[in-house]
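Down below is the structure, laid out as structure tokens.
The values are calculated or read from the model by the stated rules, or taken from the named source; none is laboratory data. Please read all numbers here as calculations on a predicted model, not as lab measurements. Cβ coordinates were reconstructed from backbone atoms using ideal geometry, including for glycine residues, and neighbour counts include every protein chain displayed. Remember, those area values only see protein heavy atoms, side chains included, never the ligands or the DNA or RNA. Shrake-Rupley method; radii C 1.70, N 1.55, O 1.52, S 1.80 Å.
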Amino acid sequence: MAEQTLQAGSIQPEKHSAAYWVFSDSWVLIKRSLTHIIKSLDQLLSVVLQPIMFMLLFRYVFGGAIDTGPTSYVNFLVAGILVQTAAFGATTTALGVANDMQRGIIDRFRSLPMLSSAVLTGHVVSDLVRNTISTIIMILVALAVGFSPNADPLEWLMVFGILLLFTFAISWLSAILGLLAKSVEAVQWFSFIAIFPLTFASSAFVPAETMHPVLRGFAENQPVTHTIEAIRALLVGTPIGNHGWIAIAWALGIIAITIPLATWLFRRHTTR
Amino acid sequence: MPKNYAIVAKGLKKSYKKLEVLKGIDLRVEQGTILALLGPNGAGKTTTVKILSTLLAADDGQVTIHGYDLHKEPDGVRSVIGLTGQYAAVDEYLTGRENLEMMGRLYRLSQADAKRRSEELLQQFDLIDAAGRSVKTYSGGMRRRLDLAISLIAAPPIIFLDEPTTGLDPRSRIAMWEIIKQLVGAGATILLTTQYLDEADLLADKIAVIDGGKVIAEGTADELKQHVGNERLELTIAKGSNFQKAQKVVDGEALQVDSKRRLLSIAMTGGVKHLQEILNKLQAAGIEVDGLSLHKPTLDDVFLQLTGHQATKDDVAEEDKK
Ligand SMILES: Nc1ncnc2c1ncn2[C@@H]1O[C@H](COP(=O)(O)OP(=O)(O)O)[C@@H](O)[C@H]1O
Ligand SMILES: [Mg+2]
């Protein structure tokens, strides 16, 4: 048996079209990144436990102190927490990409006759799955602590649609971060200082009207706020205005720039 | 009959900024043979392997692998090579089996073939008991074996092994040698790099000695040994005689001088006559010789002769850190 197992050229690859292989390679690497969620305690905790903790903490710590007008605080809060968790969740791609680039495994992928940029797709798509799970968990917890949405099925669908689009955009942005970073620790640190101000200087936890005018100017016009306001409007019926369109435009704009940029950086990084 | 070369590289050059790492490397590996790229740490071995396996673009030079032009048909090259890099390229979170099956699919094997090959290789590399465990829990030797198994999943005709035994315990090292021998036995062409002279001597059909980004000698182990003469004469100078003076007498002929142990080693180029000459010269100078022995030259001697410095084993230990 030994002889046969090691016999050079004893096995032939399958023949398929180039397009088939793009999907096949991507699927194999998506499965890989999804397996990471289940196999790494770190990830599992951040997917399941962190959203529960955030929801409960904000609901009960800030719930009494912040005036959100006619909307109850928990109803106000859910959209903010959903978007913040999605943003943090999407930075997992940065870690995953940096990890792959810094370890030898990227060289393995690149020595195979595969589409190696599918590594990026794998991480980004698994972020979508991870965030969907977190979103569902958070909504269930929210319902248990008094969240009373008035969204109809179509509006729920739109909530998930906007969240996924937002996640997709931030994940590709994270992929770029992961490609540029010199170390995994730098990625952790950088995603923290990028995401924290963006999510807190928004209407996630307090209405923007209560902020200092300068901060307010930023908070009211940045993409995270538009995304939160759109989701809040769909969930609890606050006025939606142009937030929906602006949120979608931002996401599409980010995606249109980041996908080609990330792919280009990946190629450059890997052919030094 | 013209020889069939699986790997031909001509004039490979590579610089990192101002640092010239490869200064024109020429290599040829005959089909079904092992070429060992032998050199100390920093010689340019990994850089060469990375270029040949499409991971790094050379600044200059031509490479043909299995008939594919490296520059024009990198995917063709990728379909016929297996690479085991200097550091294990495995997914820590996946199990050994998942790693193999995933790479099988990425090598474009059918699902059934990927599964079948994975089981065969797990068996072959003594990993079947650990197949369902995360690679995180594997020892260094197991990782190396898995890494090699992965590069063999599609049974590639050409295999690159970058320091396959560095950092392995002696038992795993011998096991790895056995596997490498089986691979060529089964028809593969192998280019392996090593800092171990005994390893190159034992495994390789041809050895290319590389230092400072250049191939400084090439040939079979025997041919290289001819460089330092057929045999090496080792003289112990008596305590009563002046060692410095003895050194002067053999002037330039000494390959190695060990003043502590009062040893002089000299390459024997002219047989018995040469030996007589040396002894006569020493006697004329009034130097007494305590001991005399003849040694078959080792690759260590070759290395010393060619590079002017010893192939230090300390470098190896430094590389072991993961
Ligand atoms: N990415 C890099 N940037 C700069 N210098 C490098 C890089 N990779 C390798 N080198 C340098 O190139 C030389 C050869 O390295 P390498 O091919 O790894 O040697 P070996 O594998 O024989 O130990 C060394 O001096 C090393 O420091
Ligand atoms: Mg090396």
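Per residue of B:86-93, other chain Cβ atoms within 10 Å of the residue Cβ number 6 on average. The long axis of helix A:41-57 is offset from the longest Cα principal axis of chain A by roughly 0 degrees. Given a 1.4 angstrom probe, what's the average accessible area per residue across the protein assembly as shown, in square angstrom? That works out to 46 Å² per residue.
Dipole magnitude for segment A:8-59: about 120 debye, using +1 per Lys or Arg Cβ and -1 per Asp or Glu Cβ, origin at the Cα centre.
I need the semi-axes of the equivalent ellipsoid of chain A: take the C-alpha gyration tensor, multiply each eigenvalue by 5, square-root it, list largest first in whole angstrom.
39, 19, 17
For the protein assembly as shown, the dipole from Cβ point charges (+1 on Lys and Arg, -1 on Asp and Glu) about the Cα centre works out to 380 debye, to the nearest 20. Ratio of Rg to Rh for segment B:230-296: 0.92 [Cα atoms; Kirkwood radius as inverse mean 1/r over pairs].
Here's the picture: charge each Lys and Arg Cβ at +1 and each Asp and Glu Cβ at -1 in segment B:230-296, and of B:294, B:257, B:271 the one pushed furthest to the positive end of that dipole is B:257. Placing unit charges on each Cβ (+1 for Lys and Arg, -1 for Asp and Glu) gives the protein assembly as shown a dipole about its Cα centre, and among A:38, A:167, A:197 the Cα reaching farthest toward its positive end belongs to A:197.
Listed by chain and number, the aspartates and glutamates placed with their C-alpha closer than 16 angstrom to that of residue B:72 are B:59, B:60; residues fewer than eight positions away on the same chain are left out. Within chain B, antiparallel bridges make up roughly 70 percent of the DSSP beta bridges whose residues both belong there. Remark: mean inter-chain Cβ contacts per residue of A:10-19 equal 4, using a 10 Å Cβ-Cβ cutoff to other protein chain atoms. The string of couplings for segment A:20-28 from the Karplus curve (6.51, -1.76, 1.60, θ = phi - 60°) is 4, 5, 4, 6, 4, 4, 4, 4, 4 Hz, one whole number per residue in order, with x for Gly and Pro. Dividing the convex hull volume of the alpha carbon atoms of chain B by its residue count gives 161 Å³ per residue. DSSP finds beta bridges in the protein assembly as shown, and of those with both partners inside it, around 70 percent are antiparallel. Excluding same-chain neighbours fewer than eight residues apart, the lysines reachable from residue B:14 by a Cα-Cα span under 16 Å are B:23, B:45, B:50, B:214. Evaluated with a Cβ-only charge set (Lys, Arg +1; Asp, Glu -1), chain A carries a dipole of roughly 680 debye about its Cα centre, given to the nearest 20.
Hey, what's the per residue convex hull volume over the C-alpha atoms of the protein assembly as shown, in cubic angstrom?
Taking only Cα atoms, the protein assembly as shown has a hull volume of 205 Å³ per residue.
Remark: accessible area buried at the A-B interface is about 3800 Å², both chains counted, probe radius 1.4 Å. Within straight-line reach of residue B:281, meaning a Cα separation under 30 Å, sit the following lysines at least 8 residues removed in sequence or on another chain: B:225, B:239, B:245, B:248, B:260, B:273, B:296.
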